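Each remark here refers to the structure printed beneath this line.
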């Protein structure tokens, strides 16, 4: 990653499914993260950072993001924010089966900043894929979120899932920061530093 990153802000799946649908975000509180996403989008616009809106789609009859469902629609709070590009995806990663990698390469983008939902699913796979494409990544921890899970393997709260994924991201895959810290960094034209596996593993 260069000293002054060439960033794009990826706004992932800010759709009604996570607010009034079947996947209500638990942590951080959805309305708080939504406000921070809006702040990040506005700061990106002011700094000349392109904003990419990513939207999830599922086939007819699916329980989530089905065609013509309210849950599939973008959240109206962000409707007024202009975007440079829109990506429609059917898998978790914003890169898989889309034109995102080519679009970023054509604009010499070397760093993606990820906000949106969910931390542990679409955000995570997009961040992991960014590394595979040779891109730096940033993750805004208060402009994203998780929900609680319970299945045959166990259970975890939304806070636990979000916290653990943020910790893992920062150990190797993405610089994790708050929205305020990121805005300060972009206005100063500087990169955010991530940790590494060695230092992250020095638990005493």
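The values are calculated or read from the model by the stated rules, or taken from the named source; none is laboratory data. Computed from a predicted model, the values in this text were never measured in an experiment. Reconstructed Cβ throughout: ideal geometry from the backbone, glycine too, with neighbour counts over all protein chains shown.
If residue 149 passes every condition in (1) touching a residue at least 40 places away in the same chain (Cβ under 8 Å); (2) surrounded by fewer than 21 Cβ atoms within 10 Å (Cβ to Cβ); (3) under 22 Å from residue 24 (Cα atoms); (4) touching a helix residue (DSSP H, G or I) at 6+ places or on another chain (Cβ under 9 Å) but one, which one does it miss?
(1)
Restricting the range 42-76 to residues that are farther than 13 Å from residue 18 by Cα and in contact with a helix residue (DSSP H, G or I) (Cβ under 6 Å, 6 or more places away or on another chain), which is surrounded by the most Cβ atoms within 10 Å (Cβ to Cβ)?
Only one residue tops the list, namely 51.
Within the range 1-20, count every residue that is crowded, with 17+ Cβ neighbours inside 10 Å, modelled with pLDDT of 95 or more, touching a strand residue (DSSP E or B) at 6+ places or on another chain (Cβ under 9 Å) and outside any strand (DSSP E or B).
6
With the requirement that a residue be part of a helix (DSSP H, G or I), in contact with a helix residue (DSSP H, G or I) (Cβ under 8 Å, 6 or more places away or on another chain) and buried (at least 19 other Cβ atoms within 10 Å of the Cβ), what does the range 174-204 give you?
179, 182, 183, 186
Given (1) crowded, with 16+ Cβ neighbours inside 10 Å; (2) on the phi < 0 side of the Ramachandran plot, where does residue 24 come up short, assuming only one miss?
Residue 24 satisfies every listed condition except (1).
Select from the range 27-41 the residues that are assigned to a loop (DSSP other than H, G, I, E, B) and buried (at least 17 other Cβ atoms within 10 Å of the Cβ) and list them in ascending order.
28, the sole residue that qualifies.
Just to confirm my filter: which strands (runs of 3 or more DSSP E) fall fully inside the range 50-126 and include at least 3 residues that are in contact with a strand residue (DSSP E or B) (Cβ under 8 Å, 6 or more places away or on another chain) and touching a residue at least 60 places away in the same chain (Cβ under 8 Å)?
Counting at least 3 such residues, we get 111-117.
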